[in-house]
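Rule-based calculations on the coordinates, nothing more; no lab input. If you're wondering where the values come from, they're calculated on a predicted model, not measured in any experiment. Using ideal geometry, Cβ is built from the backbone for each residue, glycine included, and neighbour counts are taken over all protein chains shown.
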Amino acid sequence: MNIELPDLPFDVDSLEPYISAETVKYHYLKHHKGYVDKAKKFIAGTSLADLSVEEIISKTREDDNAKKIYNSTAQIWNHNLYWHSMKKHGGGSPEGALLAQIEKDFNTLEKFQEEFKKCGLAEFGSGYVWLLFLEGKLRIISDTDAKIPVQDLNQAILNMDVWEHAYYIDYRNERGKYIDIFLKYLINWDHAASRFNSLIN
Ligand code: MN
């Protein structure tokens, strides 16, 4: 079996004071690990058992009979990207080609941040906000639950988890505050730029 819980790219207290060690521990060890454990159980003994997370997502995304497998493996992938979408001393501004593309598609970084926040607030239930690069254009999209709104996972530049478990301990029900903090202090533009650059080069 190829499915594993990857290490966090930072220590559990690295995002303090913005996201507490308590939140990171629960989110990583209960939620993220929980999806890994479930996915392993669901695929054991099936034809999917030896595939990668990405291959399982692709094979199950349109299959109504495989919803549980899709949801748990997509949640593994979504959380992997989410952890890499934040870092200690994150925030600020991207540079280079990604900044140029943001200015082309959103006019300014501030407009990008406004739209990202609006999108996160508009997602009614649980889900993610996604920054995608589609047909030469950056787009901000939210999608519900575990859903990944793009077939080619490489086109996902970054994501932000807006399930309540991502922010409830630190911000209670104030999703808007969490989004502001994510954009101002946590967002990992270096990782986003490396994903973006690999698409354009
Ligand atoms: Mn989560």
### Task
Answer with yes or no whether Ile56 is touching a helix residue (DSSP H, G or I) at 6+ places or on another chain (Cβ under 6 Å) and in contact (Cβ under 8 Å) with a residue 60 or more places away in the chain.
no
### Query
Does Asn154 fit the bill of being closer than 22 Å to His32 by Cα, polar (S, T, N, Q) and more than 16 Å from the ligand (Cβ to nearest atom)?
yes
### Task
Check every one of the helices (runs of 4 or more DSSP H) wholly within the range 132-201 and list those with 3 or more residues that are surrounded by 17 or more Cβ atoms within 10 Å (Cβ to Cβ).
175-181, 189-200
### Message
Take the conditions without any contact (Cβ under 8 Å) to a residue 60 or more places away in the chain and either touching a helix residue (DSSP H, G or I) at 6+ places or on another chain (Cβ under 6 Å) or more than 23 Å from Tyr185 (Cβ to Cβ) (or both) and apply them to Ile140. Does it pass?
### Response
yes
### Query
Of the residues Gly136, Gly92, Gly120, which is of a type outside the set (D, E, K, R), closer than 30 Å to Thr60 by Cα, over 17 Å from the mean Cα position of the chain (by Cα) and more than 13 Å from the ligand (Cβ to nearest atom)?
Gly136
### Summary
Sole miss for Ser47 among (1) within 15 Å of the ligand (Cβ to nearest atom); (2) over 18 Å from the mean Cα position of the chain (by Cα) is condition (1)
### Query
Glu174 versus (1) more than 17 Å from Asn80 (Cβ to Cβ); (2) within 16 Å of the ligand (Cβ to nearest atom): which is the lone unmet condition?
(2)
### Message
Take the conditions among the polar types (S, T, N, Q) and within 16 Å of the ligand (Cβ to nearest atom) and apply them to Asn2. Does it pass?
### Response
no
### Message
One residue is enough: does the range 19-27 have a residue meeting the conditions free of Cβ contacts under 8 Å to residues at least 40 places away in the same chain, buried (at least 18 other Cβ atoms within 10 Å of the Cβ) and part of a helix (DSSP H, G or I)?
### Response
yes
